[in-house]
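Written below as structure tokens is the structure these notes are about.
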Amino acid sequence: MIKNLQPVPRVRLRCILLAIVWIPALVSSFGILQKIVAGAFVTVLVGTYRQSQITDERFRTRMIVCFYPLPPKSCKLKRVVAVETKIEQHAGWGTFFLFGPIQWVFSRVFDRLLPWIGGDYQIWLRQPKDKRLMAWQGNSDEDYRENLDMLQSATGAEIGRI
């Protein structure tokens with residue numbers, strides 16, 4: 001039985017969104033270079049995500065970059081010695097006063113748009129010899145709790161903090 005970590009990437013929706021954004025870019029009056037840059041930027045945003053799943057014996061995770069799957073990483077569930085969590089604090093008032101409002105706004109925006117790069121919540125699987133595998137990263141408290149419970153019950157390992 002295969003269980004997918006949440007949220008499950010909706011590839012069809014991502015492709016529809018990509019087409020909706022690409023159409024105005026293609027018919028715009030911008031030059032070809034600007035069209036390519038805009039299209040590439042949107043393709044990176046929409047087409048990059050992490051797919052993680054639990055099977056009966058293994059955990060597998062794979063990054064999809066611009067809709068192109070990178071080689072998967074996996075580990076045997078029975079070899080996981082701990083499910084570790086890390087909660088990062090996003091830019092706060094200190095960042096606002098030190099670097100200005102633009103840095104503060106952009107850090108919040110990118111944490112929401114690109115959670116696989118800068119999400120506040122992280123779940124790692126620790127294996128023997130201090131090998132670690134990132135299982136999930138995002139901003140949703142509900143997905144974080146659901147995924148943490150799913151991984152803990154599948155591995156039987158204790159939950160700790162990094």
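Read the figures in this text as sums done on the coordinates, not as results from a lab. Since we're looking at a predicted model, the values are computed, not measured. We place every Cβ from the backbone using ideal geometry, glycine too, and count neighbours over all the protein chains shown.
Magnitude of the charge dipole for the chain, about its Cα centre and with charges confined to Cβ atoms of Lys, Arg (+1) and Asp, Glu (-1), is about 620 debye.
Projecting the Cα positions of Leu133, Ile159, Gly94 onto the charge dipole of segment 3-161 (unit charges on Cβ atoms of Lys, Arg, Asp and Glu, taken about the Cα centre) puts Leu133 furthest along the positive direction. Taking GluC sites (Glu not before Pro) in DSSP loop states with no more than 12 other Cβ atoms inside 10 Å as exposed sites, the chain has its longest site-free stretch at 89-162.
Between the helical axis of 101-113 and the longest alpha-carbon principal axis of the chain there is an angle of about 60 degrees. By DSSP, the beta bridges lying fully in the chain are antiparallel in about 85 percent of cases.
Extension gain for Leu45-Asn4 works out to 12.6 nm (0.36 nm per residue, less the C-alpha to C-alpha distance). Taking Cα atoms only, the orientation of helix 141-155 departs from the longest principal axis of the chain by about 40 degrees. Taking the convex hull of the alpha carbon positions in the chain and averaging its projected area over all directions gives 11.9 nm². Helix 32-47 axis versus longest C-alpha principal axis of the chain: approximately 20°, rounded to the nearest ten.
Spacing of the modelled spin labels on Phe106 and Val37, each 7 Å from Cα toward Cβ, amounts to 1.5 nm.
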